[in-house]
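Note sheet for the following structure.
The values are calculated or read from the model by the stated rules, or taken from the named source; none is laboratory data. Keep in mind that what you see is a predicted model, and the values were worked out from it rather than measured. Quick reminder, even Gly has a Cβ in these numbers, built from the backbone with ideal geometry, and neighbours come from all protein chains shown.
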Amino acid sequence: MPELGRAALVVAFGLVVYAALAGGYAAFRGRRRLLESATNALFAAFGSVAVAALVLLAALARHDFSFSYVASHTSRELPLGYTLSAFWGGQQGSLLLWLLVLTGMGSAAVLLNRRLVRGVIPWTVPILGGIASFFALLLVFVASPFGTQVAPADGAGLNPSLQNPYMLAHPPLLYLGYVGLTIPFAFAMGALASGRADERWIVATRRWTLASWTFLGFAILLGAKWAYEEVGWGGWYAWDPVENAALMPWLVATAYLHSVMVQEKKNMLRVWNAVLVAGAFCLSLFGTFLTRSGVINSIHSFTQSSIGAWFLGFIAVVAAASTALILYRLPLLRSRTRLESLVSREAAFLYNNLFLVALALTVLWGVIYPLVSEAVRGVAVTVGAPYYDFFAIAFGLPLVLLMGVGPLIAWRRASLRALGRSLLWPAGVALAVGVMLLAAGAGSSPPGLVGYTFAAFVLAAIVLEFVRGTRARHALGAGSWVGAFTSLIGRNRRRYGGYVVHAAIVLLLVGAVGIGGFGTTREAKVSAGQTMQVGDYTLTYLGSEQRRAANAVEVRARLAVARGGNELGTILAGKNRYLAEQQTSNEVAIRSDWLRAEDLFVIADQFNTDGSVFLKVLINPLVNLIWLAGMLFVAGSLITMWPDAREQRRLARRFVEEGALARA
Amino acid sequence: MEIFAVVLGALLAVACVAFVARPFLAEPETADDRLAGLTPVEQERLQLAEQRDRALAALKELEFDHRTGKIADADYGELVGPLRREAAEALQALEPVRASAPAPVERVDAPA
């Protein structure tokens, strides 16, 4: 019943516009009941959007091809999981998901924080309502998922590239990350609009920011895993514009998560943090624009549409309004505290921020340069991997070094002598690892050698931090060594969870350098019975086979794999020809060896009529560490986000104080 | 089916409007419809509470960094004094309010 879906969206549109206008008026004039009414409108909008989402999901599940959206993105033979994932497979559905997540997260954030930041909520509600109004407007007037037609016998099917298990999780997680960045933005701008100089909004949004950042980071890795398996060129990250679209807000949000600690501890960088929050949100909008507008050519972009101009206009409005608000509140934001020393933790955070933001801006320029070039000079250009690789190394290596040095420096100021003592062990370990790697022949890739040496330095610094911290806790009478270790983490989850995240980034670096600097590739045409040698692997082509799957014809080359005379079994590499979609996809064979931490990666590029097959075979060393890093990243983030009873007690004390203040 | 969908849509709209209007329906007349906010003086006090918490947290961190060897004895000696003074000043400025405050509660809504 598309009418119900359309009605629910119209109702939602009315509600969020009301939340924006009535909420704004209530905040401006200080009207309590009107604000409560506007807040209720935001909650009700979530319910209404949920009804629209259910209507679309039901239509997908029932293969109701009278919905144009369902007919365009599914077919009768498409398995149920992928049929439901078509919800976010197309533009209209993904906009609906944006609005659903936005109204849901916004309502939850307002509901959970209404006591903690009650002075900020009056402006947060209309800001959330305003942002939701834009998406509701698009869904009602420009890109409705509830358009109807005379139902065809079958649908057009889902893009084969999207028929991958990782695509069931990657887009929703990405959207949770993108949309989640709305929460710190709305609260930060709410605090500025209401003239609040305190840091309640930071406390209120800390976990929302961390969760969004984690979703975004994990989604980027899931997207990389999808590209590795599905796109099948043998790599994991290609600096594709849509990949970069998610990376940019993640980098800026990473900078914010570090610099906000300086604000909390030293009451510094207040303007900078407001800029970072607004920048991360604008970049998340820009990321959605890149993915959904069809303005760029990308393996991840599945749509061509007319919503690009709407998005650009909205991004311009958000950027201009945020800038104006920050400038208007500059006197309020100016900090009286100054940096005491260039050798201090806060200085390290500042350097880290500069490199992160420089990297994000460099990536942004690489993404928009082709668009600018085409618009200004009429010449289409492509910014390739060498550009990004250069800056990733130039800014990335100092960042890695700072990950090791930063935790060893004290807040406020540290003497060079104390710092030297702290750095002695990590530097010694890094030097030893570098020499050993050089002796093992790792000098064939100088950036790889430097990367591994830096990685060893950071890991040694992290271990040293845990050791010294545990020893100090033990000396303070925290019981057994295990007790001292757990109490160390429990008493400062943000710090030690952060170190786990740093370890994950190091693992990712080791994996990325492994696959990028020390991989092996061979290509050959083989006939049945012929063998092919790649590194110490021997592949024997046993012949090809074909079978009919639910929605595709699968052609596979069967290959026997052996290493050092030992049979390791057979693998299948080939192609799928999707019938409804009339498209073909590469289906690579991947044999992971976790003990050697390497993948044997086989692409059957071409099946010839004479029975031979053209194979491209890669040995990707240490690539599995990248996926392992993803799990460690989530674990570290969870430690960081875990509720802290002592922090709650401290906040409770402040509640009491504020209550007393209000009565005084 | 179409009629059914339209009726459901209308019911949804009515329910939403009723929910949005609830604050006015539940409280048609009110003596005080103003939003409760902090005065500039109260805001300043709140910032003092933050300053106190910041100074106390910095003191704890300084102690821990000293214990783990990140801070030399000389630096510790120079830094600990101003931090203690900062915390004491904030505590002193907050004293009249603290005296009138009720006993600390044990639990509040977890900040999200």
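Taking the criterion of being more than 14 Å from chain B (Cβ to nearest Cβ) and free of Cβ contacts under 8 Å to residues at least 24 places away in the same chain, would at least one residue in segment A:403-410 satisfy it?
No, segment A:403-410 has no match at all.
Can you find a residue that is more than 14 Å from chain B (Cβ to nearest Cβ) and not in a helix (DSSP H, G or I) anywhere in segment A:84-101?
Yes, that holds for at least one residue.
From the list A:Val429, A:Val433, A:Val467, exactly one residue is in contact (Cβ under 8 Å) with a residue 24 or more places away in the chain, closer than 24 Å to B:Lys70 by Cβ and β-branched (Val, Ile, Thr). Which is it?
It is A:Val429.
Please go through (1) surrounded by fewer than 15 Cβ atoms within 10 Å (Cβ to Cβ); (2) of a type in the set (Phe, Trp, Tyr); (3) under 35 Å from the mean Cα position of the chain (by Cα) for A:Tyr499 and return the number of the only condition it doesn't satisfy.
Status for A:Tyr499: all satisfied but (1).
Do you know which of the residues in segment A:183-198 that are part of a loop (DSSP other than H, G, I, E, B) and in contact (Cβ under 8 Å) with a residue 24 or more places away in the chain is nearest to A:Ser133 (Cα to Cα)?
That would be A:Ser194.
Among the residues of segment A:264-281, what is the count of those that are over 18 Å from A:Val318 (Cα atoms) and either surrounded by 24 or more Cβ atoms within 10 Å (Cβ to Cβ) or of a type in the set (Lys, Arg) (or both)?
Final tally of qualifying residues: 4.
What's the number of the only condition in (1) in a helix (DSSP H, G or I); (2) modelled with pLDDT of 85 or more that B:Leu48 fails to meet?
(2)
Can you tell me how many residues within segment A:15-33 are more than 8 Å from every other protein chain (Cβ to nearest Cβ) and modelled with pLDDT of 95 or more?
Residues meeting the conditions: 9.
Give the residue that is surrounded by the most Cβ atoms within 10 Å (Cβ to Cβ), with candidates limited to residues of segment B:37-56 that are of a type outside the set (Lys, Arg) and more than 7 Å from chain A (Cβ to nearest Cβ). Working first, answer last.
Applying the first criterion (of a type outside the set (Lys, Arg)) to segment B:37-56 yields B:37-44, B:46-51, B:53, B:55-56.
Filter once more, so that each one left must be more than 7 Å from chain A (Cβ to nearest Cβ): B:39-41, B:44, B:48, B:51, B:55-56.
Numbers: B:Thr39: 11, B:Pro40: 9, B:Val41: 10, B:Glu44: 14, B:Leu48: 18, B:Gln51: 18, B:Ala55: 20, B:Leu56: 17.
Among those residues, the one meeting the criterion is B:Ala55.
Looking at segment A:119-134, I want the residues that are farther than 10 Å from A:Ala186 by Cα and have a partner that is acidic (Asp, Glu) with Cβ atoms under 9 Å, at least 6 apart or on another chain. Which pairs are those?
A:Gly119/A:Asp198
When only residues in segment A:473-489 that are among the hydrophobic types (A, V, I, L, M, F, W, C) and not in a helix (DSSP H, G or I) count, which is surrounded by the most Cβ atoms within 10 Å (Cβ to Cβ)?
Initial filter on segment A:473-489 (among the hydrophobic types (A, V, I, L, M, F, W, C)): A:475-476, A:478, A:481-482, A:484-485, A:488-489.
Now restrict to residues that are not in a helix (DSSP H, G or I): A:476, A:478.
Working: A:Leu476: 12, A:Ala478: 19.
The selected residue is A:Ala478.
If A:Gly180 satisfies all but one of (1) within 23 Å of the chain's Cα centre (by Cα); (2) farther than 18 Å from A:Leu78 by Cβ; (3) without any contact (Cβ under 8 Å) to a residue 60 or more places away in the chain, what's the number of the condition it fails?
Among (1) within 23 Å of the chain's Cα centre (by Cα); (2) farther than 18 Å from A:Leu78 by Cβ; (3) without any contact (Cβ under 8 Å) to a residue 60 or more places away in the chain, the lone unmet condition for A:Gly180 is (3).
Out of (1) within 7 Å of another protein chain (Cβ to nearest Cβ); (2) loosely packed, with under 15 Cβ neighbours inside 10 Å; (3) not aliphatic (A, V, I, L, M), what's the single condition that is false for B:Pro28?
Here B:Pro28 meets the rest and fails (1).
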